[in-house]
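Laboratory data are not the source of any read-out in this text; all were calculated from the coordinates shown. Just so we're clear, the structure is a prediction, and the values are computed from it rather than from any experiment. Positions of Cβ are generated from backbone atoms using ideal geometry, with glycine treated the same way; all protein chains shown enter the neighbour counts.
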Amino acid sequence: MFRLLKQSTSVTVRVGPFVSATDAVTKQTALTIAQADCSLSLNYAAAAQKHSATSATHDTGGWYFIPLDTTDTGTVGQLQLDISKSGALPVRAEWTVVPASVFNALVAGTGVLNVNISSVNGFNQGAANLGLSTNTMQIGTVATAGFSPTTTEFECSDITTAAANHWVGRTVIFTSGTLNQQAARITAYSLVGGRGHFTVSATTSAAANADTLVIV
């Protein structure tokens with residue numbers, strides 16, 4: 001079983017079942033599993049006593065909750081826990097410790113994986129060119145607070161470039177609303193009342209408030 005733990009994070013793991021060393025069947029439910037009974041190997045390094053001093057507590061059927069602290073989970077890679085307790089057969093459990101960003105994306109569902117493209121069609125320069133081109137794109141949102149859009153003019157409160165005509169010659173592509181996927185050439189630009197004011201080649205209808213767009 002492939003199990004993940006978040007790096008440098010305190011966690012209580014469930015380990016077992018512990019069974020009798022005599023018949024290898026009877027569940028051992030009253031063991032006192034202390035820090036000294038637990039041996040950890042961090043990414044295949046020499047095993048040592050686990051750092052957390054908190055003793056284990058029994059769950060059910062010979063399974064025990066074993067506390068690990070931030071030092072115990074501080075090393076990325078394979079984590080092996082061996083527990084030897086008189087009266088019970090030894091138990092080993094293993095996990096893979098991963099960086100917080102990976103754990104959050106794969107397990108917690110609170111993040112995304114960082115993915116970088118190293119080549120396009122086998123060419124590293126292709127990936128570099130793609131990265132440069134995407135960095136030149138500008139996203140925006142139509143705002144109607146100070147101006148009512150027409151088929152040739154609109155404003156964006158989140159594009160506030162000061163230089164006049166800075167965006168002239170570029171193309172705006174709408175990404176939502178009635179104009180979704182429609183493109184228009186920017187013919188004039190100015191900053192008016194703290195909002196980017198665009199003049200474009202005519203679209204089939206006027207943009208609406210909160211319509212999104214990208215300038216390419």
Rounded to whole Hz and in sequence order, give me ³J(HN,Hα) for segment 3-12 from the Karplus expression 6.51 cos²θ - 1.76 cosθ + 1.60, θ = phi - 60°, writing x for Gly and Pro. 10, 10, 10, 7, 4, 6, 10, 5, 8, 10
Multiply the residue separation of Thr26 and Asn135 by 0.36 nm, subtract the distance between their alpha-carbon atoms, and state the gained length in nm to one decimal. 32.9 nm
Rounded to whole angstrom, the alpha-carbon centroid of segment 183-216 lies from that of segment 64-98 at a distance of 59
In whole Å, largest first, the alpha carbons of segment 109-216 cover along the principal axes 46, 35, 27
Can you list residues whose amide H is under 5 Å from Thr9's amide H, if they're 5+ apart or on another chain and H is modeled 1.01 Å from N? Thr73
Rank Leu89, Thr75, Thr161 by how far each Cα sits towards the positive end of the charge dipole of segment 45-177 (+1 on Lys, Arg Cβ; -1 on Asp, Glu Cβ) and give me just the farthest. Leu89
Amide H neighbours of Asp211 under 5 Å, at least 5 residues apart or on other chains, H built in the peptide plane: list them. Val142
(1) 18.2, 65; (2) 30.1, 87; (3) 19.3, 71: which one is Rg and Dmax of the Cα atoms in Å as calculated from this entry? (2)
Share antiparallel - DSSP beta bridges, the chain, percent rounded to 5: 95
Residues in segment 1-27 that a label on Ala100 would reach, taking backbone N under 12 Å of a point 7 Å out along Cα→Cβ: 6-10
Taking segment 27-114 and dividing mean pair separation by its residue count, relative contact order in percent (alpha carbons under 8 Å, at least six apart): 25
